[in-house]
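Below: the structure, in structure tokens.
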Amino acid sequence: LIDKSDKYDSRDVERLQQDDKWVEDYLLWRHDVVDDTLKMIDESFQWRKEYTVNDLSESVLPKWLFENGALFLHGYDKEGYKLFWFKVKHHVRDPKQQLEKKKLVAFWLEHYAKRDHGKPLTVVFDMAETGISHIDLDFVRFIVSCFTDYYPNFLTKIVIFEMPWIMNAAFKIVKGWLGPDAISMLKFTNKNDVQEYISGEYLPPHMGGTDSFKYSYPPLVDDDFQTPLCENGPITSEDEHESKEEIDADTKETGELNEEQNLNQKKMNSVEQISKSEETDKTEFKPKNAKKALTTFKGPLLHISPAEELYFGSKETGEKKCLIVLTNVTKNVVAFKVRTTAPEKYRVKPSNSSCEPGTSLDIIVSLHGGFAASLQDRFLIMAAEMDQSSGAGIPELTQFWKEVPRTKVMEHRLRCHVIESSKPSSLTLKENAFNIPAKTNEDLHIQLTHLLQINRRLQEQIDRCLWFQQLSVVLSVLSVTVVAFCFYLTYTQRS
């Protein structure tokens, strides 16, 4: 790739050299066949440069494209994957506008890939109320090829809603483009069965759902993040008060935060908090419900742990609290806000505050009442630097957020992950005693899946070796037989 850098955007080449996850996605999408993987990288990189993918933004695309509402991201399927909607009735075939519409597809995919770290998408072709004028196979083929050829490991399924009979022949052609792997991802649905894949809360009424969302622009469509419950008031619940003590003590006990975060956290704690933590440490150690931060997102203003997911338990496991750790890596005070797509479910303490330079701050996220976490729930952390002269009280923060330009706000999103079952407490105790982070069932499932993949590949290699060995034996026997027969003929002729 480096030798042919004139064919590619240098930013893509640099990212490929540094981002192992991106390389792994290409390999997985091409079933670890190196030649196919290199071919896909070559084709996708050339496409990315041709469509100037790295430079696509709202300012370089016509405003009417966004206002049209044919393409947008909104909601989640039942597995927690973001939905990429193509409202076919809003699309009219026009060769003069085709390139710009294709760039809009690339814009949305790149926008999401950068924003949500490349978590796969579910594509929804909403074909209700469509006719001949809306049928555009070239555009459909482009959308499909974006996932099959240009964005590796980025597609979970294609949900096709109420495809008109006139499109039956056309979709036979589309299937030919997809290949066997992608064909298995096609889900043809109607009003009766679409909720097998997408719950009603993210389906519009014409699809049998209850989602009142109406597309409009500006601004760009995003999740409906709202202020959570118990924003900054005093914690009156004993359970929540105790959970804070448990989290502080448990964090020290397990050593899951790095040394720098621990030092900074000590600066933030008052004498009263330290004494409470020490008292908690003296009590009998028990596995806590709060899940700790094991990974870190390193943003320009804040480092955020965990990086991507908050782990909650189901109603059966009863794990209802999580910890988010913010570390200010700037030389100024950083104001932050926490918002969620399910404000009625969660309490966040604090959800609107500030973090001093070089220090860390804990945010406790707890489920409220009898609610259970859902894969569709999301949290948004917004952060911006404040002037040194600005105060950090609630009135000052309120005014600050009204005036701060959007371009200076750092945003980071966290997904919710639901753990269906937990480990026996004895195993958790044993692991924590040796400062080894307790692995969740999800971690074990990932490791097991990885081992099974490795085992399958090894088995294939063994089978291939055995096949070559058997072939070699057969060829050797044939060779010996032929040589022996030649000697026999030579001998009989001389006689």
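The values are calculated or read from the model by the stated rules, or taken from the named source; none is laboratory data. These numbers were taken from a predicted model, which means no experiment stands behind them. Don't worry about glycine lacking a Cβ; one is built from the backbone with ideal geometry, like all the others, and counts go over all protein chains shown. Protein only, heavy atoms only, side chains kept; ligands, DNA and RNA dropped before computing areas. Shrake-Rupley method; radii C 1.70, N 1.55, O 1.52, S 1.80 Å.
Could you calculate, for segment 56-207, the ratio of the Cα radius of gyration to the Kirkwood radius, expressed as Rg to Rh?
Details: Rg = 14.7 Å, Rh = 15.8 Å.
Radius of gyration relative to Kirkwood radius: 0.93.
Sort Trp64, Trp29, Trp22, Trp467 by accessible area with a 1.4 Å probe, largest first.
Values: Trp64 95, Trp29 45, Trp22 20, Trp467 140 Å².
Ranking Trp64, Trp29, Trp22, Trp467 by accessible area, largest first, yields Trp467, Trp64, Trp29, Trp22.
The coefficient of translational diffusion for segment 297-418, derived via Stokes-Einstein from the alpha carbon Kirkwood radius under 4 °C and 1.567 mPa s, stands at 87 µm²/s. Close amide H partners of Tyr346, meaning residues 5 or more places away or on another chain with modelled amide H under 5 Å apart, are Leu229, His368. Using heavy atoms of the protein chains and a probe of 1.4 Å, the accessible area assigned to Ile183 is about 70 Å².
Ligands, DNA and RNA aside, Leu28 has an accessible area near 60 Å² when probed at 1.4 Å. Over segment 297-418, accessible surface divided per residue gives 39 Å², non-protein components excluded, 1.4 Å probe. Here each label is just a point 7 Å from Cα along the line to Cβ, and for Asp32 and Met185 those points are 2.1 nm apart. Computed with a 1.4 Å probe over protein heavy atoms only, the accessible area of Arg11 comes to about 110 Å².
In this structure the amide hydrogen of Thr330, modeled in the peptide plane, comes within under 5 Å of the amide hydrogens of Gly358, none closer than 5 places in sequence on its chain.
Using the Kirkwood radius over Cα pairs, work out the Stokes-Einstein diffusion coefficient for segment 1-50 at 4 °C and 1.567 mPa s, in µm²/s as a whole number. Estimated diffusion coefficient is 118 µm²/s. In terms of the mean number of neighbouring beta-carbon atoms within 10 Å, the peptides 480-490, 205-215, 350-360 order highest first as 350-360, 205-215, 480-490.
State the percent of C-alpha pairs, over all pairs in segment 145-221, separated by a distance greater than 19 angstrom.
52 percent
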